[in-house]
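Reading through the structure tokens given below for one structure.
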Amino acid sequence: MKKALFTFSLVFVSTILLAQKVTKNLEYEDINLIDGTVISSTELEDKILIVNLWGTWCRPCIEEIPDLNELVEQYGSSEDILFLAIANEQLDNPEEINKFLEKRAFNFLHIVPANKSMFFIQKGSLSFPTTVIYNQEGEMVKKFTDSLTKSNIDRIHQLVDELRTE
């Protein structure tokens, strides 16, 4: 009985801590892109952020790029949305990412991998691929921790449309 109560308490407390972590706002910081440009923290504020964690070595990541590019085609010219991609800093460096991008279009803004702390160390994501939607206040509203399916893409469209009308 004590073991069951302890296990229940542990699960309950973990759930509360995870819920708090998910609703925490981003702490904006300047981010460096692999093309050498910098996006200032003020440029990130009040924007919907669609952030993709990927790797040049990750087949599911590569397979979802066309769907992610379609999102950029639909919303990319909007000033209220930013599409950011972060490759794994352990396995990819800017040179490898640039070589990959020369062969295959991935139309997100690519953050220098060392800058990923802003989005993922803070939120605890380590799976590939992962796509996260943040609202204009920097709150995580949805996290997809696997390859995006058609229904996931539809859900992203729905979320973006909802966030734009709030």
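Each reported figure results from applying straightforward, stated rules to the coordinates on display, with no laboratory input. The model shown is predicted, which means the values in this text are computed figures rather than measured ones. When we count neighbours, we look across all protein chains shown, and the Cβ atoms used for this are built from the backbone with ideal geometry, even at glycine.
Below are the figures for this structure:
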| item | result |
| --- | --- |
| Net lengthening on full extension, Lys142/Ser78 (0.36 nm per residue, minus Cα-Cα) | 21.0 nm |
| Residue order, fewest to most beta carbons within 10 Å, for Val38, Val132 | Val38, Val132 |
